[in-house]
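For reference, the structure discussed in these notes is given below.
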Amino acid sequence: MSRRIVGIETEYGITCAPHTSGKPPLDAEAAAAKLFAPIVAKGRSTNVFLPKGGRLYLDVGDHPEYATAECDQVSDLLAQIRAGHDLIADLAAQANRALVAEGIDGTIHIFRNNADSRGNSYGCHENYLIGRHADFHQRVSRLVPFFVTRQIVVGSGYLKLKRGRVSYGFSQRADQTWDAISSASTRSRPIINTRDEPHADAQRFRRMHVIVGDTNVCEAATLAKVEVTLLVLQAAEAGVLPEVELVDPMRAIREVCQDLSGTVKIDVVGHGARTAVEIQRMYLDAITKLNVSYSANQRYALDLWDRGLTAVTTGDTSAVDTELDWAIKKKLLDRQVERGVTYDSMLASRLMLAYHDITAAGLSDTMESRGMMRRITTPSEVEAALTTPPATTRAHLRGRFIAAAEANRRDYSADWTHVRLRDDRGTTLRLDDPYATSDPRVDELIALMPRSVPDMPWC
């Protein structure tokens, strides 16, 4: 499947920090309610699909979450992710202005990281469309070693407190994973979630739901993560993946996370022990066996992946410290250490939070503008993605329907596979093909909208 639908769901942490010391003026539930107030005022719900094709909602645990529209090009995916971040950041700005007007002594912060100070975890879920096959579990099990070890390239980096000692690791999400493959999502969080929700024609498609990855702040890391994973999936379908099976994936994922030197050995069935770098290079070698012409994004992703593995091997991160999150953050930390700041200090913790903060208090926009973090999207691409869905997937149909319904003040509902006009006819359309960009049924429904509503001069 050379053309593949992909989407990313990002869960955000939220807090309302007091301006002075003391108890937060709003708990997470109240802060989330304040954040979503404009959405509820418009759509009477904290769960909405947007004209740009994506979904914004309040997840379990009071986590704001944005799911991108279906994309078949990584450039569209990056613009969708950035547009989602900008949308939530704007909601936070509105909420903070409301706090000032109400005299509430606090500021709402939104974090695109993966764990809070109490150890609660929230994720960045990758979704890849694959064909429906009877041997699904066997196929995805071949990918487990790749997902266990790719954190050494695209982990977002974090400070871990264990037995009174603070250390720096590759992936915040690694410590929150408890199984390799499972239908559970929170109780026994796996690397690959097998709950069968294809959001498409179930006879043809299945959705591979990867929930082990960190939320990347740097767009270059996100591009590399998705492009290389897409190529690994293509290699799996071509039957050229390496024969690698980990003896204990959960032990491996934690040991790899805490080994910045890349020298820890992982037990591999029938292959003795291998380092994470060696396992990743096995997958890169498999990709070279594909008879494909790489796109510019794929060439960049493979080059960055190779440079990331070299950085782990040599300990020299200078070739990737503007492109890979764990290396960018380590560079920030090392500069603070040179000034006498220790990993276990409050200053170090605040620095890590500021890196992930998407509000005005965050660091990423400034770092991008100063060349300290590589940006891939352009402002015009993101501005377009705020209102316009990708033109090459089903999101185009959903987005057209929602935009028309809102323009004509029609009551409607929508999800990934359905659009429904809530009128006397209760017309519901099922959209099972995620690659479809045209549908005469949608055209007909949109054409009926203006004629079925009386003139309302007060609008």
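The values are calculated or read from the model by the stated rules, or taken from the named source; none is laboratory data. Please read all numbers here as calculations on a predicted model, not as lab measurements. As a convention, Cβ positions derive from the backbone with ideal geometry for all residues, glycine included, and neighbour counts pool all protein chains shown. Side chains are part of the model used for accessible areas, which takes the heavy atoms of the whole protein and leaves out ligands, DNA and RNA. Shrake-Rupley method; radii C 1.70, N 1.55, O 1.52, S 1.80 Å.
Being surrounded by fewer than 13 Cβ atoms within 10 Å (Cβ to Cβ) and not β-branched (V, I, T) is the filter here; which residues of the stretch 410-442 pass it? Of everything in the stretch 410-442, those that are surrounded by fewer than 13 Cβ atoms within 10 Å (Cβ to Cβ) and not β-branched (V, I, T) turn out to be D411, D424, R425, G426, R430, S438, P440. Looking at R375, is it out of contact with any Ser or Thr (no Cβ under 8 Å at 6 or more places or on another chain), open to solvent by 20 Å² or more (accessible area, probe 1.4 Å) and of a type outside the set (S, T, Y)? For R375, the condition - out of contact with any Ser or Thr (no Cβ under 8 Å at 6 or more places or on another chain), open to solvent by 20 Å² or more (accessible area, probe 1.4 Å) and of a type outside the set (S, T, Y) - is met.
Of the residues A252, A286, the single one that is closer than 23 Å to W326 by Cβ and out of contact with any Asp or Glu (no Cβ under 7 Å at 6 or more places or on another chain) is A252. Restricting the stretch 286-322 to residues that are assigned to a loop (DSSP other than H, G, I, E, B) and of a type in the set (D, E), the residue that is surrounded by the fewest Cβ atoms within 10 Å (Cβ to Cβ) is D316. Evaluated against (1) surrounded by fewer than 21 Cβ atoms within 10 Å (Cβ to Cβ); (2) assigned to a loop (DSSP other than H, G, I, E, B), S156 falls short on exactly one condition, (1). Filtered by the rule that a residue be crowded, with 21+ Cβ neighbours inside 10 Å and in a helix (DSSP H, G or I), the stretch 60-78 gives V74, D76, L77, L78. Just wondering, is there one or more residues in the stretch 267-283 that are touching a residue at least 60 places away in the same chain (Cβ under 8 Å), within 30 Å of A184 (Cβ to Cβ) and not in a helix (DSSP H, G or I)? Yes, the stretch 267-283 contains a residue that is touching a residue at least 60 places away in the same chain (Cβ under 8 Å), within 30 Å of A184 (Cβ to Cβ) and not in a helix (DSSP H, G or I).
Looking only at residues that are open to solvent by 20 Å² or more (accessible area, probe 1.4 Å) and not basic (K, R) in the stretch 183-197, which one is modelled with the highest pLDDT? Top of the filtered list is E197. Taken together, the residues in the stretch 374-398 that are more than 13 Å from G84 (Cα to Cα), in contact with a helix residue (DSSP H, G or I) (Cβ under 8 Å, 6 or more places away or on another chain) and either of a type in the set (K, R) or outside any loop (DSSP other than H, G, I, E, B) (or both) amount to 3. Of the residues making up the stretch 159-176, those that are under 16 Å from the mean Cα position of the chain (by Cα) and outside any helix (DSSP H, G or I) are S171, Q172, R173. The listed residues are D325, D267, D259, and the only one of them that is open to solvent by 50 Å² or more (accessible area, probe 1.4 Å) and either among the charged types (D, E, K, R) or more than 20 Å from R173 (Cβ to Cβ) (or both) turns out to be D267. Each residue in the stretch 399-438 was checked for being in a loop (DSSP other than H, G, I, E, B) and out of contact with any Lys or Arg (no Cβ under 9 Å at 6 or more places or on another chain), and 5 pass. All of N120, N96 fail the test of being more than 24 Å from A220 (Cβ to Cβ), out of contact with any His (no Cβ under 6 Å at 6 or more places or on another chain) and surrounded by fewer than 18 Cβ atoms within 10 Å (Cβ to Cβ), apart from N120. Considered as a group, the residues in the stretch 350-372 that are within 21 Å of N96 (Cα to Cα) and part of a helix (DSSP H, G or I) include one that is most open to solvent (accessible area, probe 1.4 Å), and that residue is R350. Has the stretch 208-220 got any residue that is in contact (Cβ under 8 Å) with a residue 40 or more places away in the chain and open to solvent by 20 Å² or more (accessible area, probe 1.4 Å)? No, there is no match, as no residue in the stretch 208-220 is in contact (Cβ under 8 Å) with a residue 40 or more places away in the chain and open to solvent by 20 Å² or more (accessible area, probe 1.4 Å). Do the conditions hold for L333, that is, is it touching a residue at least 60 places away in the same chain (Cβ under 8 Å), assigned to a helix (DSSP H, G or I) and more than 20 Å from V166 (Cβ to Cβ)? Taking the combined requirement at face value, the residue does not satisfy it. When we screen I108, I81 for residues that are at pLDDT 95 or above, outside any helix (DSSP H, G or I) and buried (at least 23 other Cβ atoms within 10 Å of the Cβ), the only hit is I108.
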